[in-house]
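Each reported figure results from applying straightforward, stated rules to the coordinates on display, with no laboratory input. As the structure is a prediction and not an experimental result, all values here were calculated from the model. Positions of Cβ are backbone-derived with ideal geometry, glycine not excepted, and every protein chain shown enters the neighbour counts.
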Amino acid sequence: MSVWQDPRDPQPTEPELPRWIFLHALRQALGRTSVWLTHFALIAALAAAAAAPWFGFYDSSFAHHYEPGALVRELDETVRFDLRSARDAFESASRGWVGVLSFVALLVGAFSAGGWLQVFLEHTQGESVRRFFYGGARFFFRFARVVLMTLVVLQLVGWVVYGAPWEWLVLEKLLELPKPQLEELASEAVARRTVFIQDGLYAALFALVLTWADFTRTRIAAHGHKSVVWAGLCCVATVVTSPVRTLRPLLLLWFAESAVLVVAWFAMQQLEGSLGPESGKWTVLAMYAVGFAVLAWRTIIRGARYSACVLVTRDVVRPPSRPDPWRRSVGGPGGPRYPIDGDEYGVAL
């Protein structure tokens, strides 16, 4: 028997865009508990690998040399003086593996981005961890190229804000300094405001570049782009033409992340202030708990950003002319896709 979808029949549509995209994205990320726990475990493993050598260094340096509990709150000047040579030598020796771990962290970010997008773009349910790893492997090399492109763009932004363009436009043309140096300013207040504006501009551009990179990854995953540069240029046009619709959800997610970070900072201040020789292990465990909670929350926010990028991309970007494999379809990871309501491809069975 032949089954054919009449083109005049109504086509399946995507769910209506939620009114508050950032809340919907946050719920989506929180609901994928196994996914964000997996992502959290990867980041925590990298953090532990970076911290373990330093823990061993201080543990061996303090053993049988200082009174137990005397250095719980902070390292005093005597300790800093006694350990200055050994600490400098260890810090120099650790730069190599810290650099390697930093590079691995960038690759883990590229891998996790593919996993999150695979989970959010598919309409299937279950086996989220399996689909997370499948998506991470599927998009890894393209997303790794996005990381390299992002680093190049950030380097260019840093040169523009802190290099010759800033000196020529701001210091020489606007402030009319004879030399492009802040020491030539007559007022220290003006110099402070100039530095504040410079740093604020760099922070805003830094966040904008990272947002652009997230949309680039989403467009690559959703539309199957092979060219990272072309996808990046398309996302530049998307952000420029629809700045409110693209940036508002991610800005609100940043506020949600920052609010939790501020609360955690106050909690840490209270816990650190209570440290002392009489402190028990529960204070230290509470500090660990706050740190892990912050790391888990930032992991959830990271997933929510990709969920928001998926929703915004589907709303503002025209879908490709070829059949969209993610459109209301089911199927196992890496296998064929089957439309839910009718055959989108017009295939005879």
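Applying a 10 Å radius around every beta-carbon, put 174-183, 305-314, 289-298 in order of their mean neighbour count, most first.
By packing density, highest mean first, the sequence is 305-314, 289-298, 174-183.
Working out 0.36 nm times the residue gap between A47 and L275, then minus their Cα-Cα distance, what length gain in nm do you get to one decimal?
In short, 79.7 nm is gained.
Counting only the backbone N, which residues of the range 202-220 are under 13 Å from the spot 7 Å out from the Cα of Q155 toward its beta-carbon?
What the label zone holds, given the 13 Å backbone N cut-off, is no residue at all.
Where does each of 241-247, 90-96 land if you order them by average Cβ count within 10 Å, highest first?
In descending order of packing, they fall as 241-247, 90-96.
In square nanometres, what is one fourth of the surface area of the convex hull spanned by the alpha carbons of the range 102-187?
Mean projected area of the Cα convex hull: 8.9 nm².
Would you calculate the separation in nanometres between label points at E176 and F140, each defined as 7 Å from the Cα along the Cα-to-beta-carbon direction?
Roughly 5.9 nm, to one decimal.
Quick check: residue separation of F196 and W168 times 0.36 nm, minus the Cα distance between them. What number comes out in nm?
Value of the extension gain: 8.3 nm.
Highest mean first, what order results for 100-112, 26-38, 184-196 on Cβ atoms within 10 Å?
In decreasing order of mean packing, 100-112, 26-38, 184-196 become 26-38, 100-112, 184-196.
Kirkwood Rh over Cα pairs of the range 136-255 into Stokes-Einstein at 20 °C, 1.002 mPa s: D in µm²/s?
D = 130 µm²/s.
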